[in-house]
1. Looking at the structure I just gave you, is Tyr207 in contact (Cβ under 8 Å) with a residue 60 or more places away in the chain, within 12 Å of ligand 2 (Cβ to nearest atom) and more than 17 Å from the chain's Cα centre (by Cα)?
2. Taking the condition in the same structural domain as Ala289 (by TED's automatic domain parsing) and assigned to a helix (DSSP H, G or I), does Asp245 pass?
3. Take region 242-268 and flag every residue that is more than 9 Å from ligand 2 (Cβ to nearest atom) and among the β-branched types (Val, Ile, Thr).
4. Identify all residues within region 299-345 that are outside any helix (DSSP H, G or I) and not hydrophobic (A, V, I, L, M, F, W, C); write none if there are none.
5. Identify, by number, the condition in (1) surrounded by fewer than 16 Cβ atoms within 10 Å (Cβ to Cβ); (2) touching a residue at least 60 places away in the same chain (Cβ under 8 Å) that Glu332 doesn't meet.
6. Looking for whichever is under 23 Å from Gly227 (Cβ atoms), crowded, with 21+ Cβ neighbours inside 10 Å and either modelled with pLDDT under 95 or out of contact with any Cys (no Cβ under 7 Å at 6 or more places or on another chain) (or both) here; the options are Ile293, Ile307, Ile299. Which one fits?
7. In this structure, is Val124 outside the structural domain of Ala294 (by TED's automatic domain parsing), buried (at least 19 other Cβ atoms within 10 Å of the Cβ) and within 12 Å of ligand 2 (Cβ to nearest atom)?
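The values are calculated or read from the model by the stated rules, or taken from the named source; none is laboratory data. Here the structure is a predicted model, which means the values were calculated and not measured. Using ideal geometry, Cβ is built from the backbone for each residue, glycine included, and neighbour counts are taken over all protein chains shown.
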Amino acid sequence: MARVTVIGAGSWGTALAMVLADNEHDVYLWTHRENQAEEINTEHKNEAYLKGVTLPETLNAGTSCQDAMDGAAYVLLAIPTKALRDVLSQLIPFMKQPMYFVHAIKGIEPSTFLRPSEIIKHLVPEALRLDVSVLSGPSHAEEVSLRKPTTVAVASSNANTSNQVQDLFMNTHFRVYTNPDLIGVEMGGALKNIIALGAGISDGLGYGDNAKAALMTRGLAEMTRLGSEMGGNPLTFAGLTGIGDLIATCTSQHSRNWRAGYLLGTGHSQEETLQQMNMVVEGVRTTKAVHQIAKEKKIAMPITEAIFDVWFNGKMAKTAVDELMNRTRTSEMDSMDELFGERPF
Ligand SMILES: NC(=O)C1=CN([C@@H]2O[C@H](COP(=O)(O)OP(=O)(O)OC[C@H]3O[C@@H](n4cnc5c(N)ncnc54)[C@H](OP(=O)(O)O)[C@@H]3O)[C@@H](O)[C@H]2O)C=CC1
Ligand SMILES: O=C(CO)COP(=O)(O)O
């Protein structure tokens, strides 16, 4: 059994810590809130993030960076992208032995366009990190914490690391696949949040299943186009961390990205929407980053552009949909060729 430190006692960090504790690992759940650590240790609850869920009694939480890093074999980062630099900077002085870093973060840093694994590699000295992996896929914390069947993928540039991380998490209700495509897996997790905002806007406007299916399908084309341009394998986007997570996020009321989009679609302002969300909505900052990357790389991402205009430029959501519907006519197969190469028929 391994000593694993989970960084971040939000919904996802807590749910993943439960999986690890169920697997009988020695888990330390690090939070920056004393009262939350006490609630987890004494009441075995984290009501603000996983309402009504009873946590394993073996799950130990705390706020000490030293306790968190001492003897850890694996560090699992489950905090918002925007907190990653700050939190790592607090922890690095306490890292004494090399560790495996796994992150479960779905975003891109808007100021640098870096993926979380790149931020970790930039900040943590090479001598202290054995490898960096990502765990991603269709996995709402609310369901994982109730031990409902869930599948995810782990990717790292080293197959042995992926196998080890697969062993660490895998159990009868949490099935982990390996995937060698670190870039594609990270990009899928980040990009699906933009489309989920769009799906929420569409539902908020009262549009139906046809519109949502269109957004998801053409959104997947955009995700694949940008993700492969960034170095990911286009086929990864047809897997759990691409279309799989896109389906889960666009069709679930657990999704914070969908919900933020829905509030916007029903006429709430950007400010009102964010005020009503008490958890992270990664898709907002990712939309900003991806809009800029697409512009610089001259990649067509009309849905992302529309969502950017609605969120950041105050465009009416209905106008944005009308404009998408009235773009120049095109062939679906042309974009398939572009994504997957020559057709075999
Ligand atoms: N929730 C889910 O179902 C899933 C989430 N993810 C991804 O996991 C990542 C984390 O999301 P999630 O757990 O849902 O987010 P939540 O909003 O539920 O929790 C975020 C946690 O990070 C903490 N945090 C934020 N900023 C800091 C900081 N500067 N220093 C220390 N702690 C900080 C928060 O503390 P505080 O309470 O003080 O705000 C909170 O405990 C995101 O990238 C998300 O996309 C991936 C798969 C599933
Ligand atoms: O990534 C997730 C599920 O796989 C969670 O999505 P939200 O952040 O939109 O809730």
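1. In short, no.
2. yes
3. Selection gives Ile243, Ile247, Thr251, Thr266.
4. Gly314, Lys315, Asn326, Arg327, Thr328, Arg329, Thr330, Ser331, Gly341, Glu342, Arg343, Pro344
5. Failing condition for Glu332: (2).
6. The match here is Ile307.
7. no
Every residue, every condition in (1) within 17 Å of the chain's Cα centre (by Cα); (2) within 16 Å of Ala306 (Cβ to Cβ), yes or no:
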position: Leu182; (1), (2): yes, no
position: Gly189; (1), (2): yes, no
position: Ala196; (1), (2): yes, yes
position: Thr217; (1), (2): no, yes
position: Gly232; (1), (2): yes, no
position: Thr251; (1), (2): yes, no
